[in-house]
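Before any comments, here is the structure.
The values are calculated or read from the model by the stated rules, or taken from the named source; none is laboratory data. Quick caveat, the model's predicted, so the values are computed rather than measured. Because the Cβ atoms are built from the backbone with ideal geometry, glycine has one as well, and the counts that use them run over all protein chains shown.
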Amino acid sequence: MLRKLKLIELATLFFFSSHGIVNASETDLNYQLNTQSSMIEELKKRLVKMEAENEVQTQQRDENILAMQKNATHARGSEAGIPLHGFTDVGYGKSSTNYGDQRANGFSIGSLDLYMAPQFGDRVRALVETVVERDVEGKSGIDLERVQLGYAFSDAVILWGGRFHTPYGYWNAAFHHGAQIQTSLLRPKFIDFEDKGGILPAHTVGLWGAGKVGLWSGHLGYDVYAGNGSRITSSNILDMNNDRDDNDNMAIGGNLAYHFSGNVDGLILGIHALFEEVDAYDAVPVVTSRTSLNIMGVYGYYANNDCEILSEYYHFMNSDLVNGTGAHNSWAAFLQVGQTVVGLYTPYFRIEKADLDQKDNYFAAQTSGKSYMRQVIGLRYELNARSALKFEVNNTDQDSATALIHYNELRTQYSISF
């Protein structure tokens, strides 16, 4: 349209100029020619300027449209949903006896672990982990394993609220319910999850502060937390009190670790502690015991040059607050070593032991609160970055109410993440 108007303007000027030339004298003719030449040059300049302005306006319009499209795409992407990730596994096991918290005979399906980590900007954070798993009778159930809402003031101060993995030692906070991320097939027995035979509060409902600060050539990481204390149900398993604190005595704890760099890059050394009062109940329910649970420990983790070494030690200094059995000392520890070869194969071994005082009502009230010793040999084969085959053999000696029970297990597992 702009170019058409310019052509009409030039044609009109030429018409009137031609009409003047026919009736003018020679002097007037020269004057009119000069005037018309100036007008034509001016028109050319105006035309060039208008075309340039039009090009700039067109470019700016295209840029605005592109920006609007990007904003709309981002908005649609945010509204379309949150990326869903997960883990699952299948396996086969064979035991030499039917005794044991994790006896294996025949094929099995593992947990279906689904988690989401929605993004709300640089500071607001969230994590939701839902697990579909089987109970001892083979029935499936759904557990909200982690529901964390957080705010990052800085790398040094991050505050979470909700249900989280209790940050004692290294394993419990680093390796969650997805079997694919941990080197071994099974967790160490005494730090397994509460409903899988673990004897420690693997989950806490409350507040958790975490962060890291630079120190020397590495950095110092910390965790402090407070939440509902656990209880021991009439089924003789730990429960983390999702909805309330049953005895109004909060659990408090902390973890402090130094992350090395330089020649020992990949090395982490830490200490941790946990204090709470734990009630045990019978079926009525009536409180049958109350224990002051006091745990202190140390741990070390090294992962570099295709080598992984992880060791944790827990010392229990518990006191009976109801039945008058006094103070009791117990301990539990494990050491696991693995070495990756050819980038695909990771043979590993683990030795673990728990020496638990059976006069301590905290352990006596739990089905799995018995002393034991276990040796594990395994092999992990990486199919790719998101899947692994594992083969594991364990040899276990465990105390029972009447005698020492010995059993062996052979397990295989195919685990994936998505």
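Listed here are the residues, each with its yes/no results for (1) over 17 Å from G86 (Cα atoms); (2) part of a strand (DSSP E or B).
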| residue | (1), (2) |
| --- | --- |
| A126 | no, yes |
| E133 | no, yes |
| L149 | yes, yes |
| W160 | yes, yes |
| Y168 | yes, no |
| H176 | no, no |
Checklist entry - Between residues in region 222-238 that are surrounded by 23 or more Cβ atoms within 10 Å (Cβ to Cβ) and assigned to a strand (DSSP E or B) and residues that are modelled with pLDDT under 95 and among the β-branched types (V, I, T), which pairs lie under 6 Å by C-beta distance while being six or more apart or on different chains? => result none
Checklist entry - Of the residues A152, A173, A126, which is assigned by TED's automatic domain parsing to the domain that holds L335, more than 23 Å from G197 (Cβ to Cβ) and either of a type in the set (D, E) or touching a Pro at 6+ places or on another chain (Cβ under 9 Å) (or both)? => result A126
Checklist entry - Quick one: how many residues across region 319-362 are among the small types (G, A, S), within 28 Å of the chain's Cα centre (by Cα) and at pLDDT 95 or above? => result 3
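Looking at region 367-396 only, could you name the residues that are aliphatic (A, V, I, L, M) and either in contact with a Cys (Cβ under 9 Å, 6 or more places away or on another chain) or assigned to a loop (DSSP other than H, G, I, E, B) (or both)?
To start, the set of residues in region 367-396 that are aliphatic (A, V, I, L, M) comprises 373, 376-377, 379, 383, 385, 388-389, 393.
Correct list: A385 only.
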Checklist entry - Looking at region 142-190, which of its residues are crowded, with 19+ Cβ neighbours inside 10 Å, within 29 Å of E308 (Cα to Cα) and among the small types (G, A, S)? => result G169, G178, A179, S184
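Consider D306 carefully, then state whether it is touching a helix residue (DSSP H, G or I) at 6+ places or on another chain (Cβ under 8 Å), without any contact (Cβ under 8 Å) to a residue 60 or more places away in the chain and surrounded by fewer than 22 Cβ atoms within 10 Å (Cβ to Cβ).
Numbers: touching a helix residue (DSSP H, G or I) at 6+ places or on another chain (Cβ under 8 Å): no; without any contact (Cβ under 8 Å) to a residue 60 or more places away in the chain: yes; surrounded by fewer than 22 Cβ atoms within 10 Å (Cβ to Cβ): yes.
The answer is no for D306.
Every residue in region 178-215 that is among the small types (G, A, S) and outside any helix (DSSP H, G or I), please. First the steps, then the outcome.
From region 178-215, those among the small types (G, A, S) are 178-179, 184, 197-198, 202, 206, 209-211, 214; that's our starting set.
G178, S184, G197, G198, A202, G206, G209, A210, G211, G214 - these are the residues of region 178-215 that are among the small types (G, A, S) and outside any helix (DSSP H, G or I).
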Checklist outcome for this item: Being within 25 Å of G161 (Cα to Cα) and at pLDDT 90 or above narrows V90, V132 down to just V132
Item to check | Residue in region 271-293 that is touching a helix residue (DSSP H, G or I) at 6+ places or on another chain (Cβ under 8 Å), of a type in the set (A, V, I, L, M, F, W, C) and closer than 17 Å to T166 by Cβ present | outcome: yes
